[in-house]
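Step one of this worksheet: look at the structure below.
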Amino acid sequence: MTTVAEGLLLELLDPANRADPYPTYRRIRERGALQLPESHVAVFSTFAECDAVLRHPSSCSDRMKSTLAQRHMAEHDAEPRGATSFLFLDAPDHTRLRGLVSKAFVPKVINALEPDIRTLVDGLLDTVSDGSFDAIAGLAYPLPVAVICRLLGVPIEDEPKFRDASALLAQALDPFMAMTGEVSELFDQQMAAGRWLADYLRDLIAQRRRRPGDDLMSALIQVEESGDQLTEDEIVATCDLLLIAGHETTVNLIANAILAMLRHPQQWTALGSDPGRVSSVIEETMRYDPPVQLVSRIAGADMTIGDIDVPKGDTMLLLVAAAHRDAAVFDRADEFDPDRGAIRHLGFGKGPHFCLGAPLARLEASVALSAITARFPQAHLAADPVYKANLTLRGMSTLFVAP
Ligand code: HEM
C-alpha cells in the first residue's frame, strides 16, 4: 500500500504536474519532513532544513556512500564505478578537482566573455521575425550551449550529435530510484548516453593533446601532463559535467525569467526600459521558479536536521523549489516580485558544491533578458509553454512568444 509520503513523491514525479509543481510542493512542505525508512530516504522541503543539510559537515555528495548503493553493489557483486565528476565527490578529491577548474570561472575570465555573449544574443534576436517565435530554440538554448562549447573547446557543429545524450543525462539526475524504489525505464538509454558522451570527449581530448587550443579542455590536459594531479578519466568526467551543466541549466533560467515577466507584463516593460533591474529579475527567478528544483545529499554519519534523525547512509532529497516558497522566510512567497529586496535562495546550492558556473549563468541571463525586453517591448505569450518531463532540471521544451 502506498503511504501518504510515497503518494506525494509520486505526485511530484508525475509529468502531468510539471507545469505547476508548486501546489504539490506546498502540500509536502506543510506535512513536514518525509521519511521513508525502508527506502532509506528523507525528504526536506523547508528553507531551514534544506539550508541546514547543505551546511552540515556530515552531508556527502558521493552517492556510493548511500545504503541503497552499498546494498545494490553487494547484491549485484558490482565493481565500484569508474571516474565520476566532482559534483558527486567529497573531499579530498572534490577539493582538488574543483580547485583545478575554478580558475577558469573567476570573475575576470567570465566578465571578459561579455562582448562575445552580447554579439551572440544580438545575432539570435536578429533572426526573430514578426510572427511568434520559440524563445527556447531561438535564444535560451543556443546561447548557453554556444558559450560552454567555446569555453571547453567543443565544436559547436557537433551539438546535434550530443544534444540527445546531454538531455538523457540531465534526466538521469531525477531521483527516480529514491522516490519509487525502482529503476527508471530510461536507465539503459541513460547509461548508453553516458558511455557515448565519454567516448566522444575522449576522442576530442586526443585531438586537443595533438593540437592544444586556447580552451579549458587543453588547459586540463596541460595540468595532467605537467604532473599527477589529474587523470585522463578525471578530465573526461570534468568536461562531461561542464558540458551538461552548460547545456541544461542556464536555458531554464533564461526561459523561466521570460515566462515570469510575460505573466507579469509590468516587469517586462520595466526591465526593457531599465536594464539596471536585471539582477533583481534574475535572483527572483532563481527563487520563484528555480532551474534546479532539488539537490541530494547522503548522510555520512547519523545526523539530526530540525527534529528529524537521519541515519548514516540515508539519501536526503532537498526540495529547494519548495523551500523557496516557505512562508517562514518569505513574505508573499508565491508572488513573483523582483522588488522584494534582498532575495535569498538556494538555487545555486550552498557550501562546498556551490555552483561554479553561477557568475557565467548570471552574465548570460543578464545580457539575454535585458536585450529581449528592450528589443520587443510589446511582447506577449503566444501559447501555453510546454514542459519536458525532467523533475530535477525542470524546464520548458517550447515557449512561444509574440514579439
Ligand atoms: C542558471 C544556471 C545554473 C543553475 C541553476 C545551477 C545550479 C547548480 C546547483 C544547484 C549546484 C549544486 C549542486 C549540489 O550542491 O549538489 C551546481 C553545481 C555546479 N554547477 Fe551549476 N548551475 C547553473 C549553471 C552552471 C553553468 C553554466 C556551469 C558551468 C559551465 C555550472 C557548473 C557547475 C559545476 C561544475 C557544479 C559542481 C560544483 C561542485 O560540485 O563543487 N553550472 N549548479
Quiz item: What ratio of Cα Rg to 2.2 N^0.38 Å holds for the stretch 13-61?
Solution: 1.32
Quiz item: Relative contact order (percent) for the chain, with alpha-carbon contacts under 8 angstrom and 6 or more residues of separation?
Solution: 28
Practice problem: Select from V367, H247, F176 the residue farthest towards the positive end of the dipole of the chain; place +1 on Cβ of Lys and Arg, -1 on Cβ of Asp and Glu, and compute about the Cα centre. | Solution: V367
Quiz item: Of S218, S59, S273, which has the largest mean-square fluctuation in a 10 Å C-alpha GNM of the chain?
Solution: S273
Practice problem: Provide the FRET efficiency to the nearest 0.05 for the K161-A327 pair, computing r from the beta carbons and using R0 = 45 Å. | Solution: 0.45
Self-check item: Spin-label pair R344/D93, simplified geometry with 7 Å Cα→Cβ offset, distance in nm
Solution: 3.4
Self-check item: Of all DSSP beta bridges in the chain, antiparallel share, percent nearest 5
Solution: 80
Quiz item: Which of the lysines could a cross-linker bridge to K65, judged by Cα under 25 Å and excluding same-chain residues fewer than eight apart?
Solution: K312, K350
Exercise. Run through all the Cα pairs of the stretch 84-184 and give the fraction in each 5 Å bin from 0, expressed as whole percent.
Key: 2, 9, 13, 16, 17, 17, 12, 7, 4, 1, 0
Quiz item: What lysines sit close enough to K161 to cross-link, taking a C-alpha to C-alpha distance under 27 Å and skipping anything fewer than 8 places away on the same chain?
Solution: K388
Quiz item: Fewest to most neighbouring Cβ within 10 Å: what's the order for Y288, Y387?
Solution: Y387, Y288
Practice problem: Send over the per residue convex hull volume for the stretch 176-260, Cα only, as a whole number of Å³. | Solution: 149
Exercise. Mind pulling the per residue volume of the convex hull built on the Cα atoms of the stretch 281-397? Å³ is fine.
Key: 143
Quiz item: For the residues H40, H324, H56, what sequence is obtained by ranking on other C-beta atoms within 10 Å, fewest first?
Solution: H56, H40, H324
Practice problem: Using Cα centres only, tell me the gap between the stretch 239-315 and the stretch 201-224 in whole Å. | Solution: 31
Practice problem: Neighbouring Cβ atoms within 10 Å as the yardstick, rank D289, D302, D126, D337 fewest first. | Solution: D126, D302, D337, D289
Quiz item: Using a basic spin-label model with each label point 7 Å from the Cα along Cα→Cβ, how many nm lie between T180 and R27?
Solution: 1.9
Self-check item: Total charge dipole magnitude, the chain, about the Cα centre, Cβ charges on Lys, Arg, Asp, Glu only, Debye to nearest 20
Solution: 720
Self-check item: Calculated log₁₀ intensity ratio I(q)/I(0) where the Debye formula runs over C-alpha points of the stretch 158-200, q = 0.29 Å⁻¹
Solution: -0.99
Quiz item: How many percent of the alpha carbon pairs in the stretch 1-158 exceed a separation of 23 Å?
Solution: 66
Practice problem: Over every pair of different alpha-carbon atoms in the chain, take the mean of 1/r and invert it; report that Kirkwood radius in Å. | Solution: 22.0
Exercise. Go ahead and run the numbers for FRET between A358 and S226, Cβ-Cβ distance against an R0 of 25 Å, rounding to 0.05.
Key: 0.30
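Every read-out reported here was derived from the displayed coordinates using simple, explicitly stated rules and does not represent laboratory data. These figures come from a predicted structure and were not determined experimentally. Reconstructed Cβ throughout: ideal geometry from the backbone, glycine too, with neighbour counts over all protein chains shown.
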